[in-house]
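Notes for the one structure printed next.
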Amino acid sequence: MIVADTIARAKRQRGIETYFLTGTDEHGINIERSAQKEGRTPQEQADFVVSYFKKMTSKFGLDTEHGGYDIFMRTTEPFHYEGVSELWRRVAKAKTPKGNDAIYKGHYEGWFCAACAAYKTEDEYEKAKVEGEPPTCRVHETALDRVSEESYFFRLSDYDEALLSVFESRSEFVRPESRRNEVISFVRSGLQDLSVSRLKKSVSWGIPVPDDPAHTMYVWFDALTNYITAIGFGNKKRQQEVGFEKFWPALHLVGKDILRFHAVYWPAFLIAAGIELPRAIVAHGMWLDANGRKMSKTLRNAIELDVLHKHFSVDAVRYFCLREMVFGQDGRFSYEALIDRANSDLASGWGNLSSRTLTMIARYCDSRIPSGLIPEDKLLLAKRTGVDTDETTVAGFIEHARDQFLLHFENLAFSRSLEIVWSVIARVDKMITDAKPWDLAKDENQKQTLGVVLYRAAESLRWLSVLLHPVMPDASRAMWNQLGLGGSPAQINPADLKWGDLKEGAAIGEVQPVFPRVDKAKAMAEINAGEQPSGVHSTEAEAVAAVAANVPTTQPTPPMKQATEADTVGVARLIEIDDFAKVDLRVGQVLSAERVPKADKLLLLKIDLAEEQPRQVLAGIAQYYEPEKLVGRKVVVVANLKPRKLRGFESQGMVVAASYGEEGRPVIATFTEDVPNGARLK
Ligand SMILES: [Zn+2]
């Protein structure tokens, strides 16, 4: 779903009208049985499962509200019934390429796996060890059902040549290549006619066969059709709302385990009905665990979405999925690998490049984008520093990288695309390190040279935000805002990016870390223990909105999370009393409080700790506390925190606060009894 979402966002960014469909198929004996077991009706059971899926899609930002799918398609939608019935009627009227009726009534005798919703031939099931017992499904290891009843058949055996000619003339129809070969050899080995109905008395939870209500349709006939009913096939209202012709033929992304249904049965149904085939069917691999084992409930190595969501930002998960797995092949998952990627590629990579660049622009250029050009009379001077005075070098490099990125992206080679972007990040990072802006800043004559280095870095960041928008929409928007740019990277076609469009003199936004560092030991301890992180933490002055500390790793919304000192305090891991003694907590009283210009989250506080001078402390609480109301208030201050400079002000400590809720609302710690300033907390 993440891959489909990424593709949809990329298409929209390029101005292509897109319809992104995902959802659930909800009919069949398997759902009927689970419903019975749970004491629900099949519809209630389907609703129950769907509500969980929908909740998760929302948490991971994949729903309509977050710019994700256009429809969460459910095959229990009435318009779907109508469309499927229309498809059945068309197929029932059709002749096969060999001149026979495409659908005929016969008698089915064989084994059926309810969980697979598939009939099993002798080489697809495990024979029972005990005589008289039913065989078991190789996938599910559950007993198969003996079916012996009247059934409608789809004459699949007449479609082998038609299908093979599609596979041969359209080499990209089934992807990747290895899967295509599998499908071709399956078809070549000879196709059997497919039972496409069950008697209503044995499977009632399904769509009735038109004009023969004693039969319900085979669940796959109904489920596959969702791709066209969702966009208006067989239903006038849907057709007006979406438009079948506008979005069909579509691209299908499917798990490799259901490729046969999509690449053989579905095209055959469509050929019979005279409907154009999909654009392509791409099979993706599966996530295996770190040891390369299949994930399963019994091995207890499956990924729990709740855990994933609790400990990682949505963007980090998206990035990992696309970067770690070569799309089409199996990939390996471990939380450790995810943390490593989040820390090295995101926090230390893209995130660090952004914050160091913008911090220097704030410090050396008064928070305004410097000029990207070196005046003639300063060229020689600039050359002496080793800075490349020819800006087409970096422009050429990034343009080439962009073209390569788009090419691989178009071919669904996401991992390769992202590698290319990270080569840009490495290059720009090196440019900064080589140029040493902090040294250039000491020399007034090198002001323009310094500006050029920072301009190139900032302009590169603008490009990165656009390129990475489909992969990490939240982070790219955050970076974009910090660059002080208007609009959204979602609206910029990466093919239209031009080097130098970043405007000189424009004010940058507030600089904040976009990717928090994940404390690996702590996060792993929590994941392994399955513990809820504690809600108590201290707020570093810089920790704008104090969002991070009650979720020591990351959370999805808002995307701007930041690692604070609280992370290292370690609320879940046990510490020695000596560790705690390192933190000098003192009682203080707020003498004055005022807002910090151009930083709408920061308050500048003067706090009396009974020292010679009051402390100046910046606190990220401006959105929740009126400055006037803080004056006179007793607070707790971390007194031995290394001073830091923020927005041009030195912060000499931090104010302790609790943090709660999605937005990490801060609540300042205080005392209900009288206590002198400077008293130590132990
Ligand atoms: Zn099965």
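Values for this structure:
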{"read-out": "Cα→Cβ-extended label distance, 7 Å offset, between E410 and R14, nm", "value": "0.6 nm"}
{"read-out": "Accessible surface, per residue, of the stretch 40-128 when the full set of protein chains is kept, probe 1.4 Å, Å²", "value": "50 Å²"}
{"read-out": "The stretch 215-320, accessible area per residue, ligands and nucleic acids excluded (1.4 Å, Å²)", "value": "39 Å²"}
{"read-out": "Accessible-area composition of the stretch 137-239, carbon plus sulfur, in percent [1.4 Å probe]", "value": "48 percent"}
{"read-out": "Rel. contact order, % - alpha carbon contacts under 8 angstrom, at least six apart, the chain", "value": "10 percent"}
{"read-out": "Neighbourhood net charge (13 Å Cβ-Cβ; Lys/Arg +1, Asp/Glu -1) for Q43", "value": "-4"}
{"read-out": "Modelled FRET efficiency - R0 51 Å, E650 with D496, Cβ distances, 0.05 increments", "value": "0.75"}
{"read-out": "With every protein chain in place, the stretch 298-397: carbon and sulfur % of accessible area (1.4 Å)", "value": "50 percent"}
{"read-out": "Proximal lysines relative to K310, as straight alpha-carbon distance under 21 Å, when same-chain residues fewer than 8 apart are discounted", "value": "K54, K55, K59, K297, K520, K522, K561"}
{"read-out": "Cα-based helix-to-principal-axis angle, 314-324 vs the chain, degrees rounded to 10", "value": "60 degrees"}
{"read-out": "Sulfur and carbon atoms: percent of accessible area, the stretch 44-93 [1.4 Å]", "value": "53 percent"}
{"read-out": "Per residue accessible area in Å² of the stretch 380-493, where ligands, DNA and RNA are left out and the probe is 1.4 Å", "value": "40 Å²"}
{"read-out": "Gain upon complete extension [V307, E399; 0.36 nm per residue less C-alpha separation]", "value": "29.2 nm"}
{"read-out": "Most to least accessible of E336, E459, E241 (protein chains only, probe 1.4 Å)", "value": "E241, E336, E459"}
{"read-out": "Shape category assigned to the chain from the gyration tensor of Cα positions, a/c cut at 1.5", "value": "prolate"}
{"read-out": "Heavy-atom SASA rank of W220, W480, W287 (probe 1.4 Å, accessible area, largest first)", "value": "W287, W220, W480"}
{"read-out": "Theoretical FRET efficiency, 1/(1+(r/R0)^6), r = Cβ-Cβ of T64 and A441, R0 45 Å, to 0.05", "value": "0.40"}
{"read-out": "DSSP-assigned coil residues among GluC sites (Glu not before Pro) in the stretch 621-670, each with at most 16 further Cβ atoms within 10 Å", "value": "E662, E663"}
{"read-out": "Length gained when the stretch N181-K37 is fully extended (0.36 nm per residue, less Cα-Cα span)", "value": "47.8 nm"}
{"read-out": "N640/E336 FRET efficiency (R0 25 Å; Cβ-Cβ; nearest 0.05)", "value": "0.15"}
{"read-out": "The stretch 163-316: relative contact order in percent, alpha carbon pairs under 8 Å with at least 6 residues between", "value": "20 percent"}
{"read-out": "Simple label model, 7 Å out from Cα along Cβ direction - R170 to K297, nm", "value": "3.7 nm"}
{"read-out": "Residue-span extension gain [E673 to K54] - 0.36 nm each, minus C-alpha spacing", "value": "218.0 nm"}
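The values are calculated or read from the model by the stated rules, or taken from the named source; none is laboratory data. This is a predicted model, so every value here is computed, not measured. Note that we place each Cβ from the backbone using ideal geometry, even for glycine, and neighbour counts take in every protein chain shown. When the accessible area is computed, the model is the full protein with side chains, heavy atoms only, and any ligands, DNA or RNA have been set aside. Shrake-Rupley method; radii C 1.70, N 1.55, O 1.52, S 1.80 Å.
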